[in-house]
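Here's the structure, in structure tokens; my notes come after.
The values are calculated or read from the model by the stated rules, or taken from the named source; none is laboratory data. Small disclaimer: the values here were computed from a predicted structure and weren't measured. All Cβ positions, glycine included, derive from the backbone under ideal geometry; neighbour counts span all protein chains shown. Surface accessibility is based on the protein's heavy atoms, side chains included, excluding ligands, DNA and RNA. Shrake-Rupley method; radii C 1.70, N 1.55, O 1.52, S 1.80 Å.
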Amino acid sequence: MSEQEPVDGGQVIDRRQWLEVRVDGLIESQRHDEAIGYLCRLFEELDDPVGLARCATYLGYLYLLEGDLTRSEQWLERARERDADDPHLSYALGHVALLRGAPWRAVLRFMEAFVEAEEAHDAAEFLRSGACALRAGGQPAPAVSMLLGALDRDLGNPWILDGLARVYQENERWLESLQVLKELGRVVAQAASSMVVRRSPSARYLLRERLIRRSVRVGDVEARAREVNLQLRQRFEVVLDGRQRRGPTGLAPRQFPRALGHLLDVLGGEERGLELSESALGLWAQASHERFGDYLGAESLAAAVHVLVERLHWRVPSSAQRIAAAHGVDEERVGPAARVVAGKLGLQLFDTQAIFSELNLEERRRFEALSRALLFGEGLSAARTSGPSLGGK
């Protein structure tokens, strides 16, 4: 076709528009090889940055689905040259790294996507993928918190439930695994028996859904539940510890400072309140040793610990206004107080010793900026210009 040519009935059609429609149809019908061919032709004819970035993104995803990691990375990086802030590109590059056996590079990519995510369901998927990479890197404990945080953002997501059940099973937390598998079975059965009418997803989301399905398999939920049940019956110790219980934790006796006691009461009313309260006690003890309360004030310290506990457990963050009101402090003091405590205590979300053995110098710097962004509640651009480290004593 020329730039504009008549078709049946004398109708004139734009060649680029025709190619785009053709590509969308091929992606929807899973004819990936043909879609790649048309996209390569379309890329040569486009001249606007947005169209070129979209075209390169599709090619990166398609080559990833077809197992050509080299071409996938090349096209995804070309897309990043035109749209460096797109978290979906970081997400796809995370999958490239994971398939290449570089889990910590994958964690970096997935978590960079998570920090920049605008939608809750996107953040949940980026966080789930980061947890899976972390598990592959040999750190299952923080992976559990990350998966629970992902579930907070996308309740009932079967891929998140599947990952959580597997981590629990690997750690021999049989009762928790069984509970999650029960919920997973309910979700899968409900999806199979219901007909949902919704708008057709874009080509990018179709490709992402196929990528998720290839990288995660829910499998036979009932068979897995029977296996976990068998493991439970072979053990006689009590494994129910009340960690998922909501309500008073009993961790606020009268000898605690008033601000700490109130903080524990607030956290105790949240989902997984006991875990949050235990983390708060640990942070308060460290902060008290450094005498933070002397110059921040007890209430501001409680607000700072509240912020950091949520971030350490990957919770959906409460607003500064809500935390300030809960602890009786000015809203403007909450963020700076949390930054001071995190920086001076050198808080870390990951085991950096394992990270640095795999990443190069530029990636290490990016990981430090990522850690600041996650702990300080910043975007990546702000974190990358705020200094070389989280701080120190």
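Two numbers describe the Cα atoms of the range 114-192: Rg and Dmax, which are 12.2, 35 Å. Among 375-384, 90-99, 315-324, the peptide with the highest mean count of other Cβ atoms within 10 Å heads the list, and the full ranking is 90-99, 375-384, 315-324. For the pair VAL50 and ALA189, a Förster radius of 41 Å applied to the C-beta separation gives a FRET efficiency near 0.50, rounded to the nearest 0.05.
When you work out D = kT/(6 pi eta Rh) for the range 34-173 at 4 °C and 1.567 mPa s, using the Kirkwood radius from C-alpha pairs as Rh and the Stokes-Einstein form, the result is 83 µm²/s.
Which of rounded, prolate or oblate describes the range 258-345 when judged by the alpha-carbon gyration tensor and an a/c cut-off of 1.5? Judged from the Cα gyration tensor, the range 258-345 comes out rounded (a/c under 1.5). The largest accessible area among ASP330, ASP85 belongs to the first residue in ASP85, ASP330, and the rest follow in falling order (1.4 Å probe, all chains).
The portion of the accessible surface of the range 90-150 made up by carbon and sulfur, rounded to a whole percent, is 50 (1.4 Å probe; DNA, RNA and ligands excluded).
Measuring only protein heavy atoms, the 1.4 Å probe finds TRP159 accessible over about 40 Å². Packing here is the average count of other Cβ atoms within 10 Å per residue, and on that basis the peptides 296-304, 341-349, highest first, run 296-304, 341-349. Contact order for the range 258-345, expressed relative to its length and based on alpha carbon pairs under 8 Å spaced 6+ residues apart, stands at 31 percent. Converting phi to 3J(HN,Hα) with the Karplus coefficients 6.51, -1.76 and 1.60 and the offset θ = phi - 60°, the range 277-285 yields 5, 4, 5, 4, 4, x, 5, 4, 4 Hz in sequence order, with x at every glycine or proline. Each of ARG41 and ASN229 was given a label point 7 Å from its Cα along the Cα-to-Cβ line. The distance between the two points is 5.6 nm.
Of the accessible area of the range 258-345, computed with a 1.4 Å probe over protein heavy atoms only, carbon and sulfur atoms account for 50 percent. For LYS344 and ASP83, the difference between the fully extended length at 0.36 nm per residue and the C-alpha to C-alpha distance is 90.5 nm.
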